[in-house]
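Rule-based calculations on the coordinates, nothing more; no lab input. In this text the structure is predicted, and so the values were computed from the model without any measurement. When we count neighbours, we look across all protein chains shown, and the Cβ atoms used for this are built from the backbone with ideal geometry, even at glycine.
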Amino acid sequence: MSSLRGMLVRRLAFGAGLVVLCSGAAGFLLARSGLRRVVDQSLLHRAETFASLVVDEVPDPEDNEPGGLVFDYQGPIDELSLGLLVRISDDRGGTLAQSPEWPAQIAEAAPARPGTVTAVNLPDGRAARLATLSPFARAELPPEPGDDEPNEDRPLVESSRRITVQVLGPATLLHDTERAVLAAILSGAALSGAGVAVVVMASVRNGLVPVRRLAGALDGVNPRRPNEIAAADLPSELAPIAGGINDLLVRIRAAMAREERFTDAAAHELRTPLAELTSIASVAARHPEPERLRRGIDAAGEIASEMTELIEALLLISRRDEGYESATCSIVLAPIIGVELERHRPALAKASIDVACDAAEDACWSMPPGAARAVLRNLIDNAAEYTQGGGRIRIVVRRGHSDASIEIANGPVELRSEQIAHLFEPFWRGDLARSDRRHRGIGLAIVAEFCERAGLAAEANLTNERMLEIRIAPRA
């Protein structure tokens, strides 16, 4: 089973690591772009400086100067002196100035697009950046008639001739700086990753404290008297879980109370026949006459049969068979009702109880056959046993859209209106039935249990004529 803590740590660490990695990559790309932009701007500025030194001179016959494009710079232009290489050419392809180390393959290649900086490789394998400009040269104004001002003092204007200025700077320093930046970013990412891992683990550990507190509260729940868990001290995310657990504990408490009542009632019901068996056995041991032994054995058999019926009734109520749904089928009610009425007919006739039955032939219930027989048998048993002599029983079965409905009315009965609510409770009996050991108060509890599992609702009502009406119909 995977750990929630481990899962959170892994996911948070992965997410944080991904953020650090993406941030570091973005930072390195931005830094490299910025460094290259600075270097390229520096090369372009140097190229502009060299371009400003090219002058289109006016011919001077007196000084025997031919004029034309002149690179007005007297200093050395080798790489050692400038730290870079420069080449200046005119619009006719002639070279005005060129560093001695200028690579021949670059000089012979087609010029790059003006105003751009491109990456090139020098013959010795070094990387370099090539900046290219193609501005107009500056030109001297021709002298006015009678103007004795020297040429060098005349203002310069834009010439009509273009020149091409190329500046080639080694990229060794740029690449060294990029590697230093990358190393710094990687070191920072490693330190950040370690710090993030520590923070994530500590945060997850502290964040799971309420979960551990909730687990401790669950460990402290008393299984006999489950107490509710205080949700006020828990985070809002755990409050619904605590609420659900509390609801579950309430249902468990109710189920345990119901089971305790059921067990107490069962023990109470079994105490009497067990005491009678003990008494019969004691009498038979003291008086072993054959006739008394025979009566004792017969009485013990009757008591054993009653206990068997009681235990079977208890199992019908308490058992939750997993095969209940698979055993469900459509059961026609009329034949079962006929069989049960026929079983009680001699006793009903002897008590002058009038019986009327109006059952639709195709009325059905969807439930296991045994459950349907148990419901109908207990309903008819209850009506037959609790109807006073000279009374009447009315049974009406109607066919419904899903399941049939049945109404059984019997009376007069010795019940009060406040007792109707207890009819379907296990082991509840009316005042007159308490003295009769044959009545266990189980029959209608079985009816309610099976009806609930079959989606049927059982209702009872007492009329003014002391008629008990029980109606079973599909639950709305």
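Sorting the segments 333-346, 44-57, 237-250 by their residues' average number of neighbouring beta-carbon atoms within 10 angstrom, most packed first, yields 44-57, 333-346, 237-250.
Net charge around residue 91, counting only other residues with Cβ within less than 9 Å of its Cβ (Lys, Arg = +1; Asp, Glu = -1)? Every neighbour counted, the sum reads +2. Ordering 83-91, 292-300 by mean Cβ neighbour count within 10 Å, with the highest value first, yields 83-91, 292-300. Net charge of the neighbourhood of residue 237, taken over other residues with C-beta under 15 Å away and scored Lys/Arg +1, Asp/Glu -1, is +1. Counted residue by residue at 0.36 nm each, then reduced by the alpha carbon distance between them, the extension gain from residue 260 to residue 466 reaches 70.8 nm.
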